[in-house]
1. Being out of contact with any helix residue (DSSP H, G or I) (no Cβ under 9 Å at 6 or more places or on another chain), outside any helix (DSSP H, G or I) and more than 30 Å from residue 209 (Cβ to Cβ) is true for just one of 13, 24, 68. Which residue is that?
2. Taking the condition at pLDDT below 95 and not in a strand (DSSP E or B), does residue 224 pass?
3. Is there a residue in segment 158-172 that is within 13 Å of the ligand (Cβ to nearest atom), in contact (Cβ under 8 Å) with a residue 12 or more places away in the chain and assigned to a loop (DSSP other than H, G, I, E, B)?
4. Please indicate, with yes or no, whether at least one residue in segment 81-89 is part of a loop (DSSP other than H, G, I, E, B) and within 16 Å of the ligand (Cβ to nearest atom).
5. Within segment 148-157, how many residues are in a strand (DSSP E or B) and either without any contact (Cβ under 8 Å) to a residue 12 or more places away in the chain or more than 6 Å from the ligand (Cβ to nearest atom) (or both)?
6. Could you identify the single residue in 178, 133 that is modelled with pLDDT of 95 or more, in contact with a helix residue (DSSP H, G or I) (Cβ under 8 Å, 6 or more places away or on another chain), more than 17 Å from residue 197 (Cβ to Cβ) and crowded, with 16+ Cβ neighbours inside 10 Å?
7. Kindly establish whether residue 150 is closer than 12 Å to residue 204 by Cβ and out of contact with any strand residue (DSSP E or B) (no Cβ under 9 Å at 6 or more places or on another chain).
Ligand code: NAD
């Protein structure tokens, strides 16, 4: 198949071109993000390959359908960027990469936790300035702390296992409880209980209409003072204004985010020569207890390899009109 590959970065091109010779597909690597203006670049292709911030809303899907493209492969796990009702109405076939390396994201969540708990982001800068003072660097142990995990799918499960390894008490909230996690000592409870009992809270549920702003003024007020909040899932799970308020009042003691509500116009780009117009991320960056990474939790060699393998497998199944193993189906959203 001829595939229009949107939002291409060098690491995507590298990981895909290594594997393409084993598959019979032809890729056009396009730098622009997929939106209504750029959708025309897909003309003449059989399928579109898209990433997290590509637009697959109603107008773009209608444009792709006009171009006679009804196959989409997402090279990511989350699919909140797709209007599933329109895709269903127009007869699109859409596949994703359900679990490429849950450990990559879970380990990144811990990279954020450990940097914040031991202030290594501060020591890195200090030591480079020949400042070996320890003033202001007092951290805390993870062993013995209570960690709350919201969403215990593939990534949440990997996260729980790491947390148990650190000697934490692990609490969890999910619509579906995992037997495996219960057996190894994870305690499921209501969201309210988890929020009030966890010193560290990590978000691993998908973004759906029901989880948008799951972290809001009300849920923040239920958390213990000085809580550490970690989000490596999707930005809009957190109401950013409420998080800023929580940081100012010291209710939130630490915030580690790899995803941001308004990341679409910022992340995956080098804006070092530009003036940031987004007041909220600018404010977040002023807090000493906030650590932001630009949606890099997935970015390991192992994950990139798996993303390419599964995406090429998805294209193979589409090309051969086989039942699609990783198809996204229209489900009632929670
Ligand atoms: P998954 O589908 O395996 O697990 C999601 C879990 O969330 C499921 O157990 C589901 O039951 C649960 N869930 C759904 N709605 C919920 C709700 N309202 N409350 C509590 N739990 C709920 O997905 P995954 O592979 O573990 O990925 C989780 C999320 O991580 C993805 O949706 C994606 O947004 C994000 N992600 C981020 C990166 C990154 O680079 N930062 C990479 C991959 C995935």
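The values are calculated or read from the model by the stated rules, or taken from the named source; none is laboratory data. Model, not experiment: these values are computed from the prediction. So basically every Cβ, Gly included, is an ideal-geometry build from the backbone, and we count neighbours across all protein chains shown.
1. Only one candidate passes the filter, namely 68.
2. Taking the combined requirement at face value, the residue does not satisfy it.
3. no
4. Yes; the residues of segment 81-89 include at least one that is part of a loop (DSSP other than H, G, I, E, B) and within 16 Å of the ligand (Cβ to nearest atom).
5. 2
6. Just one listed residue meets the conditions, 178.
7. No: the conditions fail for residue 150.
Yes/no per residue for (1) assigned to a helix (DSSP H, G or I); (2) touching a strand residue (DSSP E or B) at 6+ places or on another chain (Cβ under 9 Å):
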| residue | (1), (2) |
| --- | --- |
| 20 | yes, yes |
| 28 | no, yes |
| 36 | no, no |
| 61 | yes, yes |
| 64 | yes, yes |
| 78 | no, no |
